[in-house]
Amino acid sequence: MEARAAGSGRAGYNEALLHKTILVGDSGVGKTSLLVQFDQGKFIPGSFSATVGIGFTNKVVAVDGVKVKLQIWDTAGQERFRSVTHAYYRDAQALLLLYDITSKMSFDNIRAWLTEIHEYAQKDVVIMLLGNKADVSSERAVRTEDGASLAREYGVPFMETSAKTGMNVELAFLAIAKELKQRAVQPPDEPRFQIHDYIESQKKKSSCCAFA
Ligand SMILES: Nc1nc2c(ncn2[C@@H]2O[C@H](COP(=O)(O)OP(=O)(O)OP(=O)(O)O)[C@@H](O)[C@H]2O)c(=O)[nH]1
């Protein structure tokens with residue numbers, strides 16, 4: 001899909017709560033599809049058209065009664081666009097790093113992605129690991145526990161998602177929005193929001209099956 005620049009792109013009155021989030025991961029893992037599912041609640045099946053360059057979509061979500069505007073940047077996973085996308089890491093407050101559960105290679109490349117992220121992004125950037133295409137269980141090449149174990153190793157939250165069915169898509173972005181909002185407005189004497197705990201509690205609430 002061609003990268004697009006939807007939304008106004010202006011921070012407006014909620015400037016303090018505008019947060020840049022970037023989707024990264026190998027080409028074809030489902031970054032654009034995940035964003036379209038979150039933004040428009042739909043999945044466009046059919047032939048794969050790789051993102052060219054980078055573009056963003058603004059999405060406002062309500063977190064505990066506070067409006068948080070996520071500016072979500074969809075990057076091209078192809079190697080030839082890497083130098084372009086690196087430049088955007090620096091301003092990002094959050095990074096959603098995707099692999100495709102049907103592609104072992106996309107999972108094996110996660111370590112290299114994390115190295116790049118640590119090189120180019122801010123030290124305190126919120127990183128979340130997502131194993132996408134969880135609906136294609138018949139072609140699974142990466143076990144859920146391997147995703148969870150890699151995430152533990154790097155100390156980042158993890159979940160499996162499906163841009164097709166919508167499974168955990170909202171949860172992933174909402175958890176990011178909650179974390180960023182807390183960082184921005186939380187009074188120092190209140191207990192810190194724990195993104196790991198939040199995700200685990202939401203997973204338990206969900207009747208869905210992807211976290212065996
Ligand atoms: N079954 C299934 N297919 C998916 C899912 N997410 C994406 N796809 C398909 O995978 C292909 C690639 O999806 P994209 O969203 O374009 O992948 P991308 O990561 O944005 O790729 P680049 O733009 O090249 O970086 C498309 O054919 C999608 O329809 C999913 O959760 N389930």
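A short reminder: the numbers here are calculations on the coordinates, not readings from a lab. Keep in mind that what you see is a predicted model, and the values were worked out from it rather than measured. All Cβ positions, even for glycine, are placed from backbone atoms using ideal geometry, and neighbour counts span all protein chains on display.
What's the FRET efficiency of Lys203 with Ala87 using the Cβ-Cβ distance as r and R₀ = 25 Å, to the nearest 0.05?
In this case the efficiency is close to 0.15.
Of Asn58, Asn109, Asn168, which is the most mobile in a GNM of the chain whose springs link Cα atoms less than 10 angstrom apart?
Asn109
What 222 nm value per residue comes from the helices of the chain, counting each DSSP H run with n ≥ 4 as -39,500 (n - 2.57) and dividing by all residues, nearest 500 deg cm²/dmol? Before the final figure, lay out each step's value.
Numbers: 7 runs with 73 residues, N = 212.
Calculated from helices alone, the mean residue ellipticity at 222 nm is -10000 deg cm²/dmol.
In nm, to one decimal, how far is the Glu190 label point from the Arg152 one, both placed 7 Å along Cα→Cβ?
Reported label-point gap for Glu190 and Arg152 is 3.1 nm.
I need the Debye-formula profile for the chain: one equal scatterer per C-alpha, no solvent, reported as log10 I(q)/I(0) at q = 0.13, 0.15, 0.18 1/Å, two decimals.
Cα-only, vacuum Debye calculation for the chain: -0.69, -0.94, -1.43.
Starting from the Cα of Arg143, move 7 Å in the Cα-to-Cβ direction to define the label point; list residues of the range 98-121 whose amide nitrogen is under 17 Å from there.
101-105, 107-108
Looking at the chain only, what percent of DSSP beta bridges run antiparallel? Nearest 5 please.
So the antiparallel bridges in the chain amount to around 30 percent.
Near Lys123, which lysines are there with a Cα under 26 Å away, not counting those fewer than 8 places off in the same chain?
Answer for Lys123, where 26 Å is the Cα cut-off: Lys20, Lys31, Lys59, Lys67, Lys69, Lys178, Lys181, listed by chain and number.
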